[in-house]
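Derivation of every value follows stated rules applied to the coordinates shown; laboratory data play no part. Bear in mind that the values here come from a model prediction, so they are computed numbers and not experimental data. Note that we place each Cβ from the backbone using ideal geometry, even for glycine, and neighbour counts take in every protein chain shown.
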Ligand SMILES: [Zn+2]
Ligand SMILES: [Zn+2]
């Protein structure tokens, strides 16, 4: 089968290859991939800025059909439409797994980086990671369940949104635009989003169409003073950092109100980022740094998608076959896309 493989450590070293179809063990299912989203993490892997074990097939946001079921798999059959959590390798017996936090299990080898992922015609996953795609949700929409689950986990499960909150979102990529919809649904009264000149089309344009209340270009206006102005100098109740930019991370500390919350969703390219630690303490803020997604966040994400409370369709800007991966990756890098799907 065809697959996009990161075959060696270092910047680059990604190519479309002919590889053997995965062979499932007794607790796994084989899935024919119908749609797979390109994530910022994939770009980080391309440039050697994220943990991975080459050679590995990339891609962790996907949907598909079960085409084969292992002998010991219970509750799943061939033909079912599914999405899968990426937490392969989680041991099931450590403290983190046993407290329901298998996404941070030290044994975890996630699909798309630690083991073969979804930029391929077929993928195998253990059945305990599967979720059913509700009938009315298309494969393309379902491919966005993973980033939606990440937003639900970080924002709703670990940060908390209260009715009437003023929420500032830094970074209008797919995560920022999903976050905007998640917080609106959770009762935020006012949502602010910022991006750069490069983000004006399509990202900030779509933000407007999705009903974001205030949109700001950081190359033209200072986001901190704008948020202070919009909140009568109080600051934002919640700041969602979805850009990974060290400058934005610092601005999050400046624009959050006293006693407010910062929700961290963006990974940075840097190994270390300097932050105003004392300012955070003096303001009495809470910072949520949860990683990845939980079982419950996937079910909630699919619920938001099927009920149309979140519009994932408007975030799908392009579709490409696997062979055009390089073009697709560069559009994501340049911000000329929101979510690009690879259709194997
Ligand atoms: Zn992702
Ligand atoms: Zn574990």
* Asked: Normalised by the number of residues in the range 37-97, what is the relative contact order in percent for Cα pairs under 8 Å and 6+ residues apart?
  -> 25 percent
* Asked: Over the range 184-264, what relative contact order in percent results from Cα pairs under 8 Å that are six or more residues apart?
  -> 24 percent
* Percent of beta bridges antiparallel (DSSP, the chain, rounded to nearest 5) -> 55 percent
* Which of these, 33, 93, 78, has the largest mean-square fluctuation under a Gaussian network model of the chain (Cα springs below 10 Å)? -> 93
* Asked: So what's the angle, to the nearest 10 degrees on a 0 to 90 scale, between helix 246-255 and the longest Cα principal axis of the chain?
  -> 50 degrees
* Per DSSP H run of at least 4 residues, take -39500 (n - 2.57); add these up for the chain, divide by its residues and hand me the 222 nm value, nearest 500 deg cm²/dmol. => -6500 deg cm²/dmol
* Radius ratio Rg over Rh of the chain, counting only Cα atoms, Kirkwood formula for Rh -> 0.97
* Asked: Helix 295-306 versus the longest principal axis of the chain: what angle, 0 to 90°, nearest 10, using Cα atoms?
  -> 80 degrees
* Structure fact -> Contact order relative to length for the chain, counting C-alpha pairs under 8 Å separated by 6 or more residues, stands in percent at 18 percent
* To do: Describe numerically, in nm with one decimal, the distance between label points set 7 Å from Cα along Cα→Cβ at residue 95 and at residue 314.
  => 4.5 nm
* For the range 1-133, the Rg and Dmax computed from alpha carbons only, in angstrom -> 14.5, 42
* Asked: So what does log10 I(q)/I(0) come out to for the range 1-62 at q = 0.12, 0.13, 0.15, 0.23 Å⁻¹, using the Debye formula with one equal point on every Cα and no solvent?
  -> -0.32, -0.38, -0.50, -1.04
* Asked: How much FRET efficiency would the formula 1/(1 + (r/R0)^6) give for residue 270 and residue 343, where r is the Cβ-Cβ distance and R0 is 35 Å, rounded to 0.05?
  -> 0.55
* Sorting 15, 141 on the 10 Å Cβ count, fewest up front, what's the list? -> 15, 141
* **Theoretical gain in end-to-end length, residue 48 to residue 198 [0.36 nm per residue, Cα-Cα removed]** => 51.6 nm
